[in-house]
1. Amide H of HIS84: which non-local residues (sequence gap of 5 or more, or other chain) have their own amide H closer than 5 Å, using H built in the peptide plane?
2. For the residues LEU479, LEU237, what sequence is obtained by ranking on other C-beta atoms within 10 Å, fewest first?
3. Work out the length of the dipole vector of the stretch 106-173 about its Cα centre, built from +1 on the beta-carbon of each Lys and Arg and -1 on the beta-carbon of each Asp and Glu, and round it to the nearest 20 debye.
4. Can you spot the aspartates and glutamates whose alpha carbon is less than 13 Å from LYS258's alpha carbon? Ignore those fewer than 8 places along the same chain.
5. Nearest 500 deg cm²/dmol is fine: what mean residue ellipticity at 222 nm does the chain get from its DSSP H runs of n ≥ 4 alone, each adding -39,500 (n - 2.57), divided by its residue count?
6. What ranking do LYS258, LYS41, LYS63 get, fewest neighbouring Cβ atoms within 10 angstrom at the top?
7. Going down the table (LYS170/LYS270; LYS177/LYS287; LYS270/LYS402), which pairs top 18 Å between alpha carbons?
8. Once you have the Kirkwood Rh of the stretch 357-500 from its Cα pairs, apply Stokes-Einstein at 4 °C and 1.567 mPa s and quote D in µm²/s.
Amino acid sequence: MRRLSPSLLGAAAVLLTTAATQAPPAPIRIGQAGFETRGPKIAVLPSTQARALAWTLTDASGKTVASGQTIPVGADAASGESVHRIDLGSFRTPGTGYRLHVGATASHPFAIADRPFAPVATAAMAFFYQQRSGVPILPAFVERKDLARPAGHAPDIATCFAGRDQKGVKWPGCDYKLDATGGWYDAGDHGKYVVNGGVSTWTLLDLHERLAAFGDANAFANGRLALPERANGKDDLLDEARVEVGFLLAMQIPDGTKLAIAPDAGVAGKAITRFETIDASGLVHTKIADENWTGIPTAPADDHQTRFLYPPSTAATLNMVGVAAQCARIWRTIDPAFATKCLTAARRGWAAALRHPNLLTSSDFTGSGGYGDPDVRDEFTFAAAQLYATTKEPAFLNRLRKDGIFTDPGADIGWGSLSLAGALTLATVPDALPADDRANLRSRIIALADGFVAAGNRSGYGIPFGGTNYPWGSSSSILNRAIVLGVAWQIDRKPAYRDAVVASLDYILGRNPLDRSYVTGIGTRPVQHPHHRFWAAAADKRYPAPTTGVLSGGPNSAAANEPGPMKGCAPQTCWIDDYRAFTVNEVAINWNAPLVWTAAFLDATRARWVDQTPRSLRDRRLPALERHATPCPSVRSRMGRHDRTGAPRGA
Ligand code: 9MR
């Protein structure tokens, strides 16, 4: 008999656990959190039948309460399937235990309820508390006692990396330390990265800035979340976001500091051959992280690796500037001293970025992720947008005009693409822009949203994400588009925009070819074994299973080209519920943040949408099979030489 390697045995055990504790996949796919009573209700059935098929809806007693015909859509390259849609939007009786049937096949039981997304938003926020660094995670604020843990990296004080990087370059270090205690761990690892902290915090603060317009300013009012700060009289979402704002500020270099930097770091095709001493005042270090990767499991308090500050970069600096400027605006009346501190840090950072406009990130260190970004123009736009929205100073508007935000606000939001985040802020923050600029920007956001709706109509599973390139963290790529759609809805209340946000969440929560809810603890077949160093029960039973509300990175089409269980997978199926498969099944703050945003958006706007069935998703046929238009970059090449866990790669 062929001996299985320990890693394969591990994978088999994981799969068996999954099979033993979860329902088998259902052939009719639905958003497993349930449908809104008056909202769109779309299910997807893979079928190669060209003709419409009869469907019925039964209630908990098995009685047929609605029926209709499926809508054949055709072949869909993203899922690798031919699909039909089932539109039961006109059925509006709340209840549980509903099932859809087509012939002998049925969906999982599901609910129709007024607020199906409220628990998703709350659970997704709870993720952030449990990612906190530097403080104990207390039993009073977690859903199970085994999720409590001692403080990790308390304190988190470090000096600059000194020694050789992966390419053998000897970095000189520095003669100071920063106290960067606090903030959130980025993901399944224990790194704390300014770049990713930036987009994540912007997303949560942006939600806060919009909740009143969405109709529920108190969605996260004091006491709504399980937090140590829940009785401090302040909004709980702001309490949580402030944890990361504090970390971002702590990563800024004090005035009068000299530092040796590598001017050629991160420049494509250039090796680092020289260092140069600069006035580093106001620049921001990219990350504080371990010298070497730790394995799974490792509780934060048991991480004994040396921590270092990694070199400052223009991108990190501008991430901090943008969020600090947003902080100055939001806390102006709530905590003026904190707001002033934020604005001072933002201005210092902006000045430092202007002095060093192209200090790129080196991705040549091990022990943490790269977040390298060769193009920092969008970070300048983001920072200028936030500074302008806060200060209304003409210099920032001039910069925005020069950078072209009004002609090209950007196409997507991501940790390395922030211009659109700035544009969304500028388009809606009251009294920010001259009327012409504002109208211009709004029309571009609407055009983007229209494009996303059109992509949804073409896509088999009805999501605002066309094509076949599903990147690392594709769950967040889709949800970040849903944010743009939510802002478009805020601007002109077109129901199709809100419906497309529902479609995005439905996909994330089970309306997908794997019949999988990518959020732990939500739905009939949720992800169970994400890549996380503490929620590591799949690796070691002495560690807890994940908390509820954690979003998996989701399908990564690059896995199709790698040897292993996903080889040849259709893009939306390039995923596996294996804790070692970090390229598809990690968790991250920049992925959970748009989950919070979109679920909270839907819940807050529940009473305010124009009540109608979703025309956008009806009576549409796919034109032609979408072929692999974009080549899938290799997972390995994008990982560089990083070995994330010491364990074999899951993908
Ligand atoms: O989300 C990041 C993804 O866009 C990159 O392709 C990938 C490889 O560089 O890194 C991802 O971010 C990881 C980070 O580097 C370290 N913490 C975990 C993050 C999620 O996997």
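Values quoted throughout were computed directly from the atomic coordinates according to the rules given, and no laboratory measurement underlies them. Note that the coordinates shown come from a computational prediction; the quantities given were computed from them, not determined experimentally. Don't worry about glycine lacking a Cβ; one is built from the backbone with ideal geometry, like all the others, and counts go over all protein chains shown.
1. Here the answer is LEU45, SER47, VAL73, since their amide H atoms fall under 5 Å of that of HIS84.
2. Values: LEU479 31, LEU237 24.
Least to most surrounded, the residues fall as LEU237, LEU479.
3. Numbers: 8 positive and 5 negative charges, 58 e Å.
The dipole of the stretch 106-173 has a size of about 280 debye.
4. Hits, sequence-local ones excluded: ASP175, GLU276, ASP279.
5. Working: 15 runs with 219 residues, N = 651.
Mean residue ellipticity at 222 nm (helix-derived): -11000 deg cm²/dmol.
6. Working: LYS258 13, LYS41 29, LYS63 8.
By the 10 Å Cβ count, ascending, the order reads LYS63, LYS258, LYS41.
7. From the list (LYS170/LYS270; LYS177/LYS287; LYS270/LYS402), the Cα-Cα distance tops 18 Å for LYS270/LYS402.
8. Numbers: Rh = 16.3 Å.
Rounded, D is 80 µm²/s.
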